[in-house]
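The values are calculated or read from the model by the stated rules, or taken from the named source; none is laboratory data. Only a predicted model underlies this, so the values are computations on that prediction, with no experimental measurement involved. When we count neighbours, we look across all protein chains shown, and the Cβ atoms used for this are built from the backbone with ideal geometry, even at glycine.
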Amino acid sequence: MRVQVNGQWQELAEQTTVADLLESLSLPARRVAVEMNREILPRAQYAETRLGENDALEIVTLVGGG
Amino acid sequence: MDENVLRIGEFEIGNRLFVGTGKYETFELMRDALAASGCEVVTVAVRRERLTDADGRNILDFLDPGKYTLLPNTAGCFSADDAIRTARLGRELLEGLENAGAGWVKLEVLGDKKTLLPDPVGTLEALKVLKGEGFTVLCYTSDDPIMAMRLKKAGADSVMPAGSPIGSGQGVLNPWNIRIILQQLKEGDESFPVIVDAGVGTASDVTIAMELGADGVLLNTGIAGASDPVTMAHSMRLALQSGLLAHRAGRIPRKLYATASSPLDGVIGA
């Protein structure tokens, strides 16, 4: 299935969860926040949330800024 | 009331110098400069995570979320919608880190890439939405007293007028407007926090802002871009203390003509 992650289309296996995706990217859940289809996805739901065709995800972290 | 504590919404801050974490040459230098500044609050930005080839270094390795209260900004947002989404993501990030700053945000909605001046309409729109979602909002704005009052009336927990454009190092260009903002926003509400944010170039700029009566100063480039950021951070720490005390001490008025400091009587003569 095709899913948009940080503005880029990616081909992911069916049934991939948000937690699966973060793990495949080596991103610790504690240091990121996820917005799914314009809504914040609570961290507690990463493991049970399956991605679907055309879902759009923003995976963000803290960086330096003023 | 402890006059050394700065209250912004439900947040209580012990140090009135807020320092940014951007533009340092290295994370190590950032860490050391923040320590030298003595600050309690540091601003951070929220950005897309790198999905490939992450070099493994994350700012959180150099920024102790147990020691600092992180203040996420909505820098880089040119629309109210982007700023609102970014603020929500910032809150989510800080909740995950169990940082004391979860729930507050430095709201910036920018109007123009070259000047980085704030878009007043977008800022007001985003402010109203974020207040409705329970955020404590510190609003970056220009030194326009009308806009400053609009933001306060719309629920801003702090109004943060720019001294001069972000990163420009020009200091407080219009102290008269800052004074008007301070006077009007604090009328009948002395403790309403007004923080000078943007354009601070060196220590005297911080002192001038505090002497005017600002409740705090927020800066980034002034330290990060200095030749020796650690020494500059230390100087900013002293500058803030100095300006705060001078304001409280009640300065002498400016006069056109001289008033002698030594007695006029008893001078020896012929």
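From the residues in segment B:220-240 that are more than 13 Å from the chain's Cα centre (by Cα) and not in a helix (DSSP H, G or I), which one is surrounded by the fewest Cβ atoms within 10 Å (Cβ to Cβ)?
B:SER227
Quick check on segment A:42-61: of everything there that is of a type outside the set (A, V, I, L, M) and without any contact (Cβ under 8 Å) to a residue 24 or more places away in the chain, which residue is nearest to the other protein chains (Cβ to nearest Cβ)?
Top of the filtered list is A:ARG43.
Is there a residue being touching a helix residue (DSSP H, G or I) at 6+ places or on another chain (Cβ under 8 Å) and farther than 30 Å from B:VAL19 by Cα anywhere in segment A:24-32?
No, segment A:24-32 contains no residue that is touching a helix residue (DSSP H, G or I) at 6+ places or on another chain (Cβ under 8 Å) and farther than 30 Å from B:VAL19 by Cα.
Only residues that are touching a Gly at 6+ places or on another chain (Cβ under 9 Å), surrounded by fewer than 24 Cβ atoms within 10 Å (Cβ to Cβ) and not aliphatic (A, V, I, L, M): list them for segment B:82-121, please.
B:ASP82, B:ARG91, B:GLU95, B:GLU98, B:ASN99, B:GLY103, B:GLY111, B:ASP119, B:PRO120
Listed here are the residues, each with its yes/no results for (1) without any contact (Cβ under 8 Å) to a residue 60 or more places away in the chain; (2) farther than 26 Å from B:GLU40 by Cβ.
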{"position": "B:THR69", "(1), (2)": "yes, no"}
{"position": "B:ARG85", "(1), (2)": "yes, yes"}
{"position": "B:ALA126", "(1), (2)": "yes, no"}
{"position": "B:GLU133", "(1), (2)": "yes, no"}
{"position": "B:LEU138", "(1), (2)": "no, no"}
{"position": "B:ILE146", "(1), (2)": "yes, yes"}
{"position": "B:ALA154", "(1), (2)": "yes, yes"}
{"position": "B:SER158", "(1), (2)": "no, no"}
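Considering each residue of segment B:78-93, count those that are farther than 18 Å from B:LYS131 by Cα and either out of contact with any helix residue (DSSP H, G or I) (no Cβ under 9 Å at 6 or more places or on another chain) or more than 10 Å from chain A (Cβ to nearest Cβ) (or both), and give that number.
1
Let me spell it out: the conditions are (1) in a loop (DSSP other than H, G, I, E, B); (2) away from chain A (no Cβ under 11 Å); (3) under 16 Å from B:TYR140 (Cα atoms), and B:GLY66 meets all of them except one. Which number is the exception?
Unmet condition: (3).
Just one of B:PHE11, B:PHE18, B:PHE27, B:PHE78 is farther than 28 Å from B:LEU127 by Cα, in contact with an Asp or Glu (Cβ under 9 Å, 6 or more places away or on another chain) and among the hydrophobic types (A, V, I, L, M, F, W, C); which is it?
Answer to the selection: B:PHE27.
Please list, ordered by first then second residue, the pairs with beta carbon atoms under 6 Å, 6 or more apart or interchain, first in segment B:247-270 and modelled with pLDDT of 90 or more, second part of a loop (DSSP other than H, G, I, E, B).
Sorted first by the residue in segment B:247-270, then by its partner, the pairs are B:HIS247/B:GLY213.
For B:LEU182, only one of the following conditions fails: (1) part of a loop (DSSP other than H, G, I, E, B); (2) within 17 Å of the chain's Cα centre (by Cα). What is its number?
B:LEU182 satisfies every listed condition except (1).
Give the residues of segment B:202-232 that are within 14 Å of another protein chain (Cβ to nearest Cβ) and in contact with a Leu (Cβ under 9 Å, 6 or more places away or on another chain), sorted by residue number.
Scanning segment B:202-232 gives B:VAL217, B:LEU218, B:LEU219, B:ILE223, B:ALA224, B:PRO229.
Among the residues of segment A:34-41, are any farther than 19 Å from B:ASP81 by Cβ, without any contact (Cβ under 8 Å) to a residue 24 or more places away in the chain and loosely packed, with under 14 Cβ neighbours inside 10 Å?
no
For the subset of segment A:10-24 comprising residues that are away from chain B (no Cβ under 12 Å) and over 21 Å from B:GLU95 (Cα atoms), which member is surrounded by the fewest Cβ atoms within 10 Å (Cβ to Cβ)?
The qualifying residue surrounded by the fewest Cβ atoms within 10 Å (Cβ to Cβ) is A:GLU11.
From the list A:LEU62, A:LEU27, which residue is touching a strand residue (DSSP E or B) at 6+ places or on another chain (Cβ under 7 Å), surrounded by 17 or more Cβ atoms within 10 Å (Cβ to Cβ) and assigned to a loop (DSSP other than H, G, I, E, B)?
A:LEU27
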